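Quick notes on the structure that follows.
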Amino acid sequence: EIVSIINEEVDYNIYPHHFHLHIYGVHQELTFHLMVDDKLDIRTAHNIASKIETSILGKLKIEATIHIEPLENHH
């Protein structure tokens, strides 16, 4: 479901991985990594992460924190 939300929100080739869901009573937090094209500027990568975090919170009521990674490190 998380990957579907990500794909709905972003037009770039991105690769989410390393998901961790933390449950604190009724409060849930999600952390994960997002590999993005290493040619993207930092502002664009940040905007992508923020858009995804907002969408996950709105649709699933889970606060998300995303770690951005350059895609070139994983070739």
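Things worth noting here:
- Scope the stretch 18-30; condition open to solvent by less than 80 Å² (accessible area, probe 1.4 Å) and under 15 Å from I5 (Cβ atoms); matching residues: Q28, L30
- In the stretch 45-59, residue farthest from I2 (Cα to Cα) [restricted to those that are in contact with a strand residue (DSSP E or B) (Cβ under 8 Å, 6 or more places away or on another chain) and either open to solvent by less than 30 Å² (accessible area, probe 1.4 Å) or free of Cβ contacts under 8 Å to residues at least 12 places away in the same chain (or both)]: A45
- A count restricted to the stretch 36-75 and to residues that are β-branched (V, I, T) and in a loop (DSSP other than H, G, I, E, B) stands at 1.
The values are calculated or read from the model by the stated rules, or taken from the named source; none is laboratory data. Just so it is clear, the model here is predicted, and its values are computed rather than measured. Please note: Cβ atoms are built from the backbone with ideal geometry, for glycine as well, and neighbour counts cover all protein chains shown. Quick note on the areas: whole protein, heavy atoms, side chains included, nothing else; ligands and nucleic acids left out. Shrake-Rupley method; radii C 1.70, N 1.55, O 1.52, S 1.80 Å.
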